[in-house]
1. Tally the residues that are more than 17 Å from residue 116 (Cβ to Cβ) and either surrounded by 12 or more Cβ atoms within 10 Å (Cβ to Cβ) or over 16 Å from the mean Cα position of the chain (by Cα) (or both), restricting the search to region 20-32.
2. In region 1-19, which residue that is more than 14 Å from the chain's Cα centre (by Cα) and part of a loop (DSSP other than H, G, I, E, B) is surrounded by the most Cβ atoms within 10 Å (Cβ to Cβ)?
3. Report, ordered by the first and then the second residue, all pairs with beta carbons closer than 6 Å, sequence separation of six or more or different chains, a first member in region 13-35 that is at negative phi and free of Cβ contacts under 8 Å to residues at least 40 places away in the same chain, and a second member that is part of a strand (DSSP E or B) and surrounded by 20 or more Cβ atoms within 10 Å (Cβ to Cβ).
4. May I ask you to say which residue of 39, 1 is closer than 30 Å to residue 115 by Cβ and modelled with pLDDT under 90?
């Protein structure tokens, strides 16, 4: 499946859907091949029924905690029971988090900056 992005923008932004115990939310995530893990703003976890403060898993990234999502879907790919880092992002940011290498591993990622197209398969 091929997805479009605006190649003139500073970030490559993709849409992702997170599913939790209380529902789902559509997010804007920066595609970040320099991030080893996927990270989402903590407020989004709360909105779908997770309380990151209750998790016992803490990961050193400056700050952050992990939550295992029911499901995350991005770029036509879905992952269940997928661990994601929670972090408070500055209110000035235009994204809800980062889609990292952990989501992309084992797949072929093609990013066409000339035409603004992404394919993950």
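1. So the answer is 8.
2. If we filter region 1-19 for residues that are more than 14 Å from the chain's Cα centre (by Cα), which is where we start, we get 1-10.
Next, only the ones that are part of a loop (DSSP other than H, G, I, E, B) stay: 1, 5-10.
Values: 1: 9, 5: 19, 6: 10, 7: 13, 8: 7, 9: 10, 10: 8.
Ranking the qualifying residues of region 1-19, first place goes to 5.
3. Going by the 6 Å Cβ cut-off, the qualifying pairs are 25/18.
4. Checking each option against the conditions leaves just 1.
The values are calculated or read from the model by the stated rules, or taken from the named source; none is laboratory data. Bear in mind the structure is a predicted one, so any value in this text is a computation, not a measurement. For neighbour counting, all protein chains shown are included, and Cβ atoms are generated from backbone atoms with ideal geometry for every residue, glycine included.
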